[in-house]
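The values are calculated or read from the model by the stated rules, or taken from the named source; none is laboratory data. Computed from a predicted model, the values in this text were never measured in an experiment. As a convention, Cβ positions derive from the backbone with ideal geometry for all residues, glycine included, and neighbour counts pool all protein chains shown. SASA here: full protein model, heavy atoms, side chains in, ligands and nucleic acids out. Shrake-Rupley method; radii C 1.70, N 1.55, O 1.52, S 1.80 Å.
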Amino acid sequence: MIEVKNISSKSILTPVSGLLNKSEFTFTLNPYIGCAFGCKYCYVQEMPAARYREEKWGEYVDIKTNAAELLEKDINKALKKGTPISIFMSTATDPYQGAEAKSKLTRSLLEVMVKLKDNIDYLMVHTRSPLVTRDIDLFKEFGEKMIVSMSIETDLDKIRKVFTPAAPPIPARLNALKKLTEAGIPTRASVSPMLPLSKHIAKNLKAVTNRVALDDFFMGDGDRGRRTERMGIRKIYEQLNLMQWYEPGAYKKVLSLLREEFHIVDVFNEN
């Protein structure tokens with residue numbers, strides 16, 4: 001059972017911090033607190049705001065009902081300060097999780113950004129939900145100033161069911177990404193964090209997008225893999241007898257496969 005409640009927030013754009021300081025983004029935007037997909041490996045559950053909640057990760061979603069109103073104000077504040085506006089939506093929740101189908105909160109935020117698009121340098125929408133295709137009409141308004149990044153950690157749905165059983169099936173995500181790409185929306189498949197996958201991963205992704213990103217638990221959990229260790233993900237790999245995938249250099253063989261098919265492979269925090 002997922003606890004869903006409406007809340008008011010004081011702001012909606014958050015200046016980037018941590019690993020994102022090295023990126024081109026200046027702000028993060030999270031329409032919700034919590035995430036119904038409840039991925040077992042999600043680093044957000046190790047953050048203080050989640051660790052001290054009574055509800056377990058994946059069992060609560062707070063809807064920031066005043067988010068659209070706040071967004072316009074926050075953008076105008078940033079403009080007055082001369083701060084470039086490059087937005088990552090979202091880093092700590094999924095903007096297209098189940099609650100979005102009814103609340104349409106993310107859509108309302110996109111409508112604000114479309115109105116102010118001349119002042120927005122770039123927008124990345126990051127999700128693992130096929131619901132994202134609902135907003136193709138708004139994405140088209142941004143032209144090349146945006147990208148939809150679809151999280152596809154593996155091309156094996158049996159692996160997805162182990163690590164993130166409440167998240168949308170892999171075939172549905174691939175179909176959604178293909179639909180976006182065919183509609184002319186800039187897209188990217190994000191193998192993040194990399195889970196065990198097949199040798200056909202590169203060809204499977206190339207069929208639905210022209211760009212791909214790759215990271216693993218050691219590069220992407222914000223604590224060089226220590227957060228992932230604390231969440232007990234190693235035990236899952238041991239139980240599956242797949243420890244060869246839980247090594248700091250395991251991503252390199254996947255990177256080689258991806259580079260055979262893609263001109264652009266974004267490797268997060270590669271040394």
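Sketch the reach of a paramagnetic label on Lys81 as a point 7 Å from Cα along Cα-to-Cβ, and name the residues of the stretch 49-71 whose backbone nitrogen lies under 17 Å away. The answer is 70-71, whose backbone nitrogens lie closer than 17 Å to the label point. Here the label points at Glu3 and Asp223, each 7 Å from Cα along the C-beta direction, are separated by 2.3 nm in the simple model. In sequence order, the stretch 123-136 has phi-based couplings of 9, 10, 9, 10, 8, 10, 10, x, 4, 4, 5, 4, 9, 4 Hz under the Karplus curve 6.51 cos²θ - 1.76 cosθ + 1.60, θ = phi - 60°, and Gly or Pro positions carry x. Going 7 Å from the Cα of Lys73 along its beta-carbon direction, which residues of the stretch 33-59 have the amide nitrogen within less than 19 Å of the resulting point? Taking a point 7 Å out along Cα→Cβ of Lys73, the residues of the stretch 33-59 whose backbone N falls under 19 Å are 33.
With 21 Å as the limit on Cα-Cα distance, the pairs of Lys64/Lys104; Lys203/Lys235; Lys64/Lys179 that go past it are Lys203/Lys235; Lys64/Lys179. For the chain, Cys35 stand unpaired, since no other cysteine beta carbon lies under 4.7 Å from theirs. Subtracting the Cα-Cα distance of His200 and Glu24 from 0.36 nm times their residue separation leaves 60.3 nm of extension gain. Taken over the C-alpha atoms, the chain has Rg and Dmax values of 17.9, 55 angstrom.
Stretched out straight at 0.36 nm per residue, the stretch from Glu59 to Asn175 would grow longer than its current Cα-Cα span by 39.0 nm.
Taking a ≥ b ≥ c as the square roots of the eigenvalues of the Cα gyration tensor, the stretch 211-271 is oblate, since a/c reaches 1.5 or more and a/b is not larger than b/c. Sparsely packed loop sites in the stretch 44-137 (the GluC sites (Glu not before Pro) outside DSSP H, G, I, E and B with at most 12 other Cβ atoms within 10 Å) comprise Glu54.
Relative to the dominant Cα principal axis of the chain, helix 105-115 is inclined by about 60°.
Percent antiparallel among DSSP beta bridges with both residues in the stretch 1-102, to the nearest 5? Before the final figure, lay out the partial values.
Working: 5 of 12 bridges.
Roughly 40 percent of the beta bridges in the stretch 1-102 run antiparallel, per DSSP.
Take the Cβ atoms of Asp157 and Lys115, set R0 to 35 Å, and the FRET efficiency comes out at 0.35.
Of the trypsin sites (Lys or Arg not before Pro) found in the stretch 50-156, those in coil by DSSP whose Cβ has at most 15 other Cβ atoms within 10 Å are Lys56, Lys104.
So what is the accessible area of the chain per residue, in Å², with the probe set to 1.4 Å?
Averaged over the residues of the chain, the accessible area is 48 Å².
Dimensions of the stretch 1-119 from C-alpha coordinates, computed as largest minus smallest value along each principal axis and given longest first, are 42, 32, 20 Å. Angle of helix 251-261 to the longest C-alpha principal axis of the chain, folded into 0 to 90 degrees and rounded to 10: 70°.
State the antiparallel share, in %, of DSSP beta bridges confined to the chain, rounding to the nearest 5. That works out to approximately 15 percent antiparallel.
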